[in-house]
Amino acid sequence: MISENANVRAATREKALKTGKIRVERIKDSVDEKAVYESYYEFEINVNRLQPHQILAITRGEKEGVLRVHVDVPGRDWLDAIQSEFEEDIISPFAEQLELAIQDSAERLLLPAIERDVRREKGEVADNHAIQVFATNLRALLGQAPLANQVVLGLDPGFRTGCKVAVVDATGKLLDTGTIYPHEPKNDWKGSINTLQDMINRHHVTLITIGNGTASRETEKLAAELTKNAPQTKYLIVNEAGASVYSASSLARAEFPDLDVTIRGAVSIARRAQDPLAELVKIDPKSIGVGMYQHDVDQTALTHALDGVVESVVNSVGVDVNTASSALLTHVAGIGPKLATNIVTHRDANGPFKSRTALKKVAGLGPKAFEQAAGFMRIRNGANPLDESAIHPESYAIAESILARAALTVDSSIPDRIAALESLTTKTSLETLAAELECGVPTLKDILEQLVRPGRDPRSDTPAPILRSDVLKAEDLLTGMQLKGTVRNVVDFGAFVDIGIKGDGLLHKSQIPNGTVLKVGDIIDVEIQKIETERGRIGLGWVK
């Protein structure tokens, strides 16, 4: 009765969350080969000061049999909660029995239950936080600027099985494939150089992309040698997370049925620089690896959050319906996998769509789906210039009325539009114009923005990746050296930054100025503060 009393439980739980302590210890003779959990071998902290990343690390260490976790609630807290409900009468002949019952309820029933409650509540907070971190990083990664008009040679590095090579043209079309063996055991460095140089010359390659997995930095030396005397060709290390998942997927098999699985991975690496969004939507977001403890959190909630991010980014950027893959079209609002396949099939059978209204001829794309999807679909060089913008067909009449008031047509040039629309909005306030056109001010602002910058890609505002032409080795680093780096992952305790060597450096949160919010893909200036060669760790500082 004492243990299950609702008031006792509530009061004890509240106290535990405020004044309780988490106590962690290493299990004797447990195996922690890389000392991953060394920080928690003898660890104690107030429950209310525990950070989400600490909760996730402790929980994983416990699952792996390295750590043992306790929640300690001060005796006065649980005793006060019980005594306020079960007042002791010291004169009663049963006083001693009540005292024994109180002790037994606390030790055997109440405190273990409270420990489970506290850990469940803190675990849910940590899960939600980790999911939010992953979603934020994924949004930034998908929103990275595409490198247009590049013929790309993609390298999927490897030692024994060789480096897989794929060349794609500026539209992502596969031109050439191959395998080279520059590293152990064959060490065919010269032959590899000659093979790659021949591909570069034949296909006029302007960019080499290298996956950041095994043998990536060794392969980078190969790219540096190739680009050293070729100013028209640069190289770039790209995150290859999920490339192997894509290469073995049904989508990759349908796209490249005759290609070896490993070569498909090289194609993905090549395309990632050209258009990160179009390529990464083909991969399960959880495999992209820009999160923290993503395999430990609620997988259903994580999937739901990440799918929402992908759809949001795709709709924000817009989709060229005449070039988009079915994988990309699937993420457009109102379009599912089956409808996306139907759109591609219709396009292949009848040629490019000339207008948004032509989408209505696609099997299964009814009025409701069209209403949802049309504003996110783009038709480049179509019959109606408005089809290239983010203006929904329902608002075309408003857009045309605005242009007419400014003495313009839908075919007017952009410079003419900018001058005329500026003049119009100077003479007439947005509120007045919106009232006359019978639309909302936010809608009017969006339409005006699209009329002067139709089809603008919001990713153009993000920094372009750093293209390199020479290799930087860990031995080249010195304390105090300043470098430009690319943020690869943002976590609770800081940001991991690619500074051009094997292994990212850590910019600890204490080094990041207050109010500064870093995103995946940001280009920042950093300073080498600490080099731990034996542990492969590099500490970075912020450069003002």
With Cα atoms, 0 to 90° folded angle of helix 299-317 axis to the chain main axis: 30
Set of lysines with alpha-carbon distance to residue 530 below 19 Å, sequence-local pairs under 8 removed: 473, 484, 502, 509, 544
Antiparallel DSSP beta bridges within segment 487-543, as percent of all bridges there, nearest 5: 90
For segment 152-274: lysine pairs under 26 Å (alpha-carbon distance), excluding those fewer than 8 apart on one chain: 13
Gained length - residue 418 relative to residue 72, 0.36 nm times residue gap less alpha-carbon distance: 117.9 nm
Pairwise centroid distance, computed over Cα atoms, of segment 376-454 with segment 114-186, Å: 39
Prolate/oblate/rounded call for the chain, Cα gyration tensor, a/c under 1.5 rounded: oblate
FRET efficiency estimate (nearest 0.05) - Cβ-Cβ, residue 173 to residue 345, R0 22 angstrom: 0.70
Pairwise FRET efficiency - residue 36 versus residue 300, Cβ, R0 = 22 Å, nearest 0.05: 0.25
Qualifying lysines (Cα of each under 21 Å from Cα of residue 360; at least 8 residues distant if same chain): 338, 368
Residue pairs, from the table 282/354; 122/519; 427/519, whose Cα atoms sit over 32 Å apart: 427/519
Expected 222 nm ellipticity per residue - DSSP helices of 4 or more, -39500 (n - 2.57), all of the chain, to 500: -12500 deg cm²/dmol
Mean Cβ count within 10 Å, highest first, over the residues of peptides 512-524, 162-174: 162-174, 512-524
Theoretical FRET efficiency, 1/(1+(r/R0)^6), r = Cβ-Cβ of residue 461 and residue 531, R0 25 Å, to 0.05: 0.10
Three-way shape call for segment 474-542 based on the alpha-carbon gyration tensor, with the a/c threshold at 1.5: prolate
Cβ charges +1 (Lys, Arg) and -1 (Asp, Glu), total dipole of the chain, debye: 2000
0 to 90° range, to nearest 10: angle between helix 95-104 axis and the chain longest Cα axis: 30
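Kindly provide the chymotrypsin sites (Phe, Trp or Tyr not before Pro) of segment 25-67 that DSSP labels as loop, not H, G, I, E or B, and whose Cβ sees at most 16 other Cβ atoms within 10 Å.
41
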In degrees, nearest ten, helix 441-452 long axis to first principal axis of the chain (Cα): 40
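We did not get these values from a lab; they are worked out from the coordinates using the rules stated. The shown structure was predicted, so the numbers you read here are calculated from the model rather than taken from an experiment. Note: ideal-geometry Cβ built from the backbone for every residue, glycine included; neighbour counts use all protein chains shown.
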